[in-house]
Structures are given as C-alpha cells and as structure tokens.
Ligand SMILES: NC(=O)C1=CN([C@@H]2O[C@H](COP(=O)(O)OP(=O)(O)OC[C@H]3O[C@@H](n4cnc5c(N)ncnc54)[C@H](OP(=O)(O)O)[C@@H]3O)[C@@H](O)[C@H]2O)C=CC1
Ligand SMILES: Nc1nc(=O)c2c([nH]1)NC[C@@H]1CN(c3ccc(C(=O)N[C@@H](CCC(=O)O)C(=O)O)cc3)C=[N+]21
C-alpha cells in the first residue's frame with residue numbers, strides 16, 4: 001500500500017488563515033505584528049528564502065522588513081543593528097538569516113537577539129525553555145513537523161521516534177518536542193554505527209541531514225510515519241529531501257514530500273511565532 005501524503009502546503013495555508021484572523025484582531029487594537037529580517041551577503045538560496053518570508057508575512061497582514069547588508073559588514077555593526085531592533089518597540093520579531101559570512105560568530109549574533117523577539121527560537125533562552133518545558137519560542141522547523149503529526153491525529157505516546165541529525169536548529173529541538181509528547185526518542189548522527197538498525201525500529205522517522213537518500217525503503221518499518229526535513233538538489237537540479245521518496249512511499253504509512261512538505265510549514269510557524277511575540281508585547 002502506498003503511503004498517505006502529509007501536505008505541507010495545504011496545512012501551512014490553514015495556519016496562515018488562522019494567523020491572518022488573529023493579526024486582524026491585533027491590528028484592531030492598534031498593534032501591527034512586525035518582523036525584521038536581516039540578510040548579510042549575497043547567498044542565492046538565502047535571498048530566495050528571505051523573499052518568501054517577506055511575501056508570506058505581507059499576505060497574512062503582518063509587517064515584514066528585509067534589511068540587506070554586504071558580506072563585508074563587520075560583526076560589531078551587525079550586533080549594533082540587532083541591539084537597535086531589540087530596543088525598537090514597533091519590532092516584535094527579529095530573524096537573522098543563516099548562514100552568516102565566515103568572519104562572524106553566528107551563536108554570538110543569535111545570543112544578542114532579545115529572547116522576547118527570538119521568533120527563530122535559536123537563542124539559548126529559547127532552547128532552555130524548550131528543554132525544561134517553560135514558555136518560549138520553538139524553532140520553526142521542528143515546530144512545523146509537530147503540527148504535521150498533529151494534523152494526522154497521530155499520538156506519540158509510547159511510540160519510538162528516530163531523529164536523524166542533531167543540529168541545534170532542527171535535530172535536537174525536534175527530539176525535545178517528541179520527548180515532551182512522551183515518545184521514546186533516539187537521536188542519530190554521523191557517528192551512529194548502524195543507522196538502519198535504528199530506523200527499522202521506528203514508528204516515526206524525522207530525517208534532517210542534508211544528504212540525498214539517507215533513508216531508503218529497506219530502512220523503514222511498514223506503516224511508519226516519515227518526515228523529510230532535508231533540502232537538497234538532485235542530478236537534474238530539482239529540489240529533493242533526504243528520503244528516497246519513490247521507494248519509501250511504498251513502505252511508509254505517511255510521508256511528507258519535498259518540496260511542499262516541511263519547508264512551507266517552517267515559514268508558517270515563523271508567522272505564528274511573530275504573531276505571538278506581538279500578542280505578548282501588546
Ligand atoms: N525544510 C526546512 O524548513 C529546513 C530544511 N533544512 C534542511 O535540513 C537539513 C539539515 O539541516 P541542519 O540540521 O541545519 O544541518 P546540519 O548540517 O547542521 O546537521 C546535519 C546533521 O546530520 C548528521 N549527519 C550527517 N551525515 C549523516 C549520515 N550519513 N548519517 C546520519 N547523520 C548524518 C550530522 O551529524 P554530526 O552532528 O555528527 O555532524 C548533523 O547532526 C539540510 O538539508 C537543510 O537544508 C534546514 C532547516 C529548515
Ligand atoms: N535564521 C534562519 N532561520 C531559518 O528558518 C532558516 C535559516 N536561517 N537559514 C536557512 C534555513 C532553511 N530554511 C527553509 C525554510 C523554508 C523552505 C521552503 O519553504 N522550501 C520550499 C521550497 C522553496 C523553494 O522553491 O526553493 C518547500 O520545501 O516546498 C526551505 C528552507 C529556513 N532556514
């Protein structure tokens with residue numbers, strides 16, 4: 001049996017409509033949720049992503065400003081700009097697009113963002129809040145994956161979830177969110193001795209590596225839920241994920257496509273976080 005598709009585009013659209021409604025209510029009270037996006041340098045993918053984020057915001061009634069700076073910008077100047085946005089009461093969310101030029105310390109830049117405006121959820125304060133169950137912004141990508149699981153009515157309690165990847169922005173927060181829902185969680189990475197032995201036990205697999213065909217059909221238990229976070233290009237230059245979609249869909253119970261899966265959900269959750277930052281401020 002072929003897996004059912006979890007349609008990220010459709011779910012993101014529903015979430016954007018909810019955000020638009022709540023934004024309208026906030027605007028009626030004189031508050032316009034505002035997101036400031038900082039892009040340093042000329043990375044083509046980052047230019048596309050940030051443009052998408054601005055368009056999503058505007059279409060949903062939020063205010064988004066894209067500030068562009070040359071790759072030669074100093075770290076001190078960037079930190080000063082972030083601090084100015086921290087102090088600006090009209091700005092509710094701050095997003096510094098990654099990757100930053102090599103001469104900058106990304107973590108230092110992220111820690112300079114006020115936790116109240118950290119709509120990416122990358123600040124140590126946000127990570128600590130997620131880990132301890134306190135209130136704070138959740139990173140948009142794993143948050144979007146959780147919404148996808150929720151959308152199919154999937155109960156994680158007692159299920160075995162295997163996360164492939166342990167980055168601070170995807171793998172680790174993903175594992176924390178699954179754990180909070182009482183899944184038994186295994187985190188795999190480049191030093192994992194036998195990845196297939198792990199994934200074959202999984203009821204839920206989240207692949208967040210950045211390499212094509214990390215997950216193939218022989219590695220998946222029949223009926224498992226497969227969430228593909230990866231963003232890669234195939235030999236024809238087309239977008240593809242970490243999962244061998246054609247093979248795995250014949251074994252899995254549910255699967256997310258790339259494009260049209262986790263990517264649009266990441267962008268939708270950024271709108272949710274920005275709206276909530278504005279609601280908290282208001
Ligand atoms: N759709 C979306 O919205 C988003 C998509 N992405 C995409 O998700 C992917 C992951 O992103 P990100 O977490 O930032 O990437 P990172 O490069 O920071 O992390 C990749 C992780 O994969 C692990 N890894 C590498 N090779 C293997 C392997 N052969 N087997 C198992 N694990 C492996 C690494 O292990 P180790 O730690 O040991 O090096 C690392 O933990 C990328 O394709 C990125 O473009 C990212 C953000 C948002
Ligand atoms: N501070 C910061 N925050 C981020 O959230 C962040 C970042 N930096 N740097 C880069 C990664 C990557 N990322 C994506 C988000 C959406 C899609 C997305 O919408 N993808 C579409 C396709 C888009 C296209 O056509 O290229 C899809 O999968 O359908 C992709 C990738 C956010 N990131």
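The values are calculated or read from the model by the stated rules, or taken from the named source; none is laboratory data. Note that the structure is predicted; figures quoted are calculated from it, not measured. Note that we place each Cβ from the backbone using ideal geometry, even for glycine, and neighbour counts take in every protein chain shown.
Cβ-Cβ distance below 6 Å, separation of 6 or more or different chains: which pairs start in region 26-49 with a residue that is within 15 Å of residue 64 (Cα to Cα) and modelled with pLDDT under 95 and end on one that is within 16 Å of ligand 1 (Cβ to nearest atom) and in a loop (DSSP other than H, G, I, E, B)?
Taking only residues 6 or more apart or on different chains, not a single pair turns up.
Only one of (1) more than 16 Å from ligand 1 (Cβ to nearest atom); (2) closer than 22 Å to residue 276 by Cα; (3) in contact with a strand residue (DSSP E or B) (Cβ under 7 Å, 6 or more places away or on another chain) fails for residue 40. Which number is that?
Single failed check for residue 40: (2).
The rows are residues; the columns are (1) within 23 Å of residue 268 (Cα to Cα); (2) under 14 Å from the mean Cα position of the chain (by Cα); (3) at pLDDT below 95.
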| residue | (1), (2), (3) |
| --- | --- |
| 135 | yes, no, no |
| 140 | yes, yes, no |
| 191 | no, no, no |
| 195 | no, no, no |
| 241 | yes, no, no |
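How many residues, within region 82-97, are within 15 Å of ligand 2 (Cβ to nearest atom) and free of Cβ contacts under 8 Å to residues at least 60 places away in the same chain?
Residues that pass the stated criteria total 4.
Can you pull out every residue in region 137-171 that is surrounded by 22 or more Cβ atoms within 10 Å (Cβ to Cβ) and away from ligand 2 (no atom under 16 Å from the Cβ)?
149, 156, 161, 162, 163, 164
Counting residues that are farther than 18 Å from residue 255 by Cα, which strands (runs of 3 or more DSSP E) fully inside region 129-219 reach at least 2?
Here the list reads 184-188.
Is it the case that some residue within region 14-27 is closer than 22 Å to residue 147 by Cβ and within 16 Å of ligand 1 (Cβ to nearest atom)?
Yes, because at least one residue in region 14-27 is closer than 22 Å to residue 147 by Cβ and within 16 Å of ligand 1 (Cβ to nearest atom).
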